1. Identify, from the list Glu338, Glu327, Glu333, the residue that is acidic (Asp, Glu) and touching a strand residue (DSSP E or B) at 6+ places or on another chain (Cβ under 6 Å).
2. How many residues are in contact with a strand residue (DSSP E or B) (Cβ under 7 Å, 6 or more places away or on another chain) and crowded, with 20+ Cβ neighbours inside 10 Å if we restrict to region 472-502?
3. Write out, first by first residue and then by second, each pair whose Cβ atoms fall under 6 Å of each other, whose residues are 6+ apart or on separate chains, and whose first residue, in region 104-117, is farther than 9 Å from Tyr142 by Cα while the second is outside any helix (DSSP H, G or I) and of a type in the set (Phe, Trp, Tyr).
4. Of a type in the set (Phe, Trp, Tyr) and touching a Lys or Arg at 6+ places or on another chain (Cβ under 9 Å): does that describe Tyr99?
5. Does any residue of region 361-383 turn out to be modelled with pLDDT of 95 or more, within 20 Å of Thr277 (Cα to Cα) and over 20 Å from the mean Cα position of the chain (by Cα)?
6. Evaluate region 401-410: report whether one residue or more is more than 24 Å from Lys435 (Cβ to Cβ), surrounded by 20 or more Cβ atoms within 10 Å (Cβ to Cβ) and not β-branched (Val, Ile, Thr).
7. Exactly one of (1) buried (at least 16 other Cβ atoms within 10 Å of the Cβ); (2) under 29 Å from Gly347 (Cα atoms); (3) of a type in the set (S, T, N, Q) is unmet by Thr259. Its number?
8. Go through the residues of region 180-200 one by one and say whether even a single one is in the same structural domain as Ala133 (by TED's automatic domain parsing), closer than 26 Å to Leu96 by Cβ and in contact with a Pro (Cβ under 8 Å, 6 or more places away or on another chain).
Amino acid sequence: MVRASTVRGTAERFPRPGLACLAAVALVLGAACAPSQPYDLVLLDGRVIDPATDLDDVRHLGIRDGVIAAVSTSRLEGTDTIDASGRVVAPGFIDLNTYEHADPIFRLRARDGVTTVLNLEDGAADVDAYYAALEGRARIHYGAGVDHETLRDLAAGDTTILVEDGVNASRGIPAIDQRPLSSGELDVLTESVRSELEKGAVALGFGLYYTPGATHDEVLQVSRLAAEFGVPVHMHTRTFDPVRDWDELYEPLGLAIATGGPVHIKHLQSTFGGFTTPALEILERALEGGLPLSTECYPYTAGLTFIESAPFDGFQDWPDDEFPLFEWPPTGERLTRETFASYRAQGGVVVIHPRDEARQEEAVRRCLAHPMTMVASDGAWDGGQTHPRSAGTNSRVLGRYVRDEGLMSLPEAIRKMSLAPARHLQEAVPGMARKGRVQVGMDADLVVFDPDRILDQATYREPLLPPLGIDRVIVAGVVVVERGTVVPNAFPGRPVRREGSR
């Protein structure tokens, strides 16, 4: 049987022009010419929201062989039937920024409505090994970019790096992150990145916040490879400092100019904080000028990272009032100079609260509401002591910011979580043109939720609490979340991988 949910570059291309018209024709045909035999799965009476065609009305869906085979105003018959009355049926959410791909994080993200999860900031150091490790073991679709940071460390001779299942499983030598590469090391890095892109990675990931020693020339040389292979650059920008003439934002803009390739800025509201509004204005003008730029955000005011990370190397010189901004998740305590040093020696993740909570909340709202932004969790497993964004990002947006605060419409929020990320990747991976849409012929990746109940529950102390209101999640026509509970032994996830990979 052909698995239409497999997202490989050999998939049929769907041109952008006329897509709405084709979908309208398909809708009519799906209703009028529906075959007499039952569908594998039918969803009845749901409020179907398709952001690609602006459909927002009650419809019945018929699914066959992992594909949406009918979107109908007439009732359909199926081998299995789901009563979706009073529920929203939307395209499954696509998360562009989640780390540590394995079953624990797949379970968390699936319960938040995610049907495709991608690691495009860190990515994989061995792309073949990454995809091989997840084959047949994924509840949702998965994919990765190339991990610049790990390949950089290896090129510089770091022998402490441990790559397991294709991804970095260790922290590396901090001194290497702080220094520029030699010309010989840069040559090694460039060849390594080229080799991994040839294997079908869907992006090139930079964590420049964690590798401050990487020069602009290094970043440019490596980014030219991304443009050559037709994949976007995904960048966690350097530490933001508005005094330095916005250099952290000008770097990705410069890359887009110099390479001509798309550049995507990770979690803008977290990086730029109270300067999010002017950052959005700069990006908006750059887009109007034709630069291929995009960005994303998550709906929380606090961030999370490893306490032993390079940006904290000079903590001994910080003022005393800096340390209480850090929270140690296992205990919930706010840190002091002494406890920060102690936990840094131990290692682990730390929550970073803003100095001005109200100002950061405003940054979150502005970023979420802006038309150019997508929603991405920046989540990870982190041994289970993680950020609540790993469990509740989409539900928080839909519950708090859409329903309760009216920050944006429900269809617009769904677009930011599904259609927008699908379109972002479909030039590199044409099969993504079958995702983020509820139309005949599209992949049956769907989320069914109660718009009156949906809400995140996870907190910084209890980050694994599942959200409320997400009834079912369907991946390639297979139900993977049933009444909010993960279905055992359901692993329909398929690789998202660039065409021409060897």
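1. Step by step, each of Glu338, Glu327, Glu333 is checked, and only Glu327 is acidic (Asp, Glu) and touching a strand residue (DSSP E or B) at 6+ places or on another chain (Cβ under 6 Å).
2. Summing the residues that are in contact with a strand residue (DSSP E or B) (Cβ under 7 Å, 6 or more places away or on another chain) and crowded, with 20+ Cβ neighbours inside 10 Å in region 472-502 gives 14.
3. The qualifying pairs are Pro104/Trp381; Ile105/Trp381; Gly113/Phe93; Val114/Phe93.
4. The answer is no for Tyr99.
5. Among the residues of region 361-383, at least one is modelled with pLDDT of 95 or more, within 20 Å of Thr277 (Cα to Cα) and over 20 Å from the mean Cα position of the chain (by Cα), which makes the answer yes.
6. No: zero hits.
7. (2)
8. no
The values are calculated or read from the model by the stated rules, or taken from the named source; none is laboratory data. Bear in mind the structure is a predicted one, so any value in this text is a computation, not a measurement. Note that we place each Cβ from the backbone using ideal geometry, even for glycine, and neighbour counts take in every protein chain shown.
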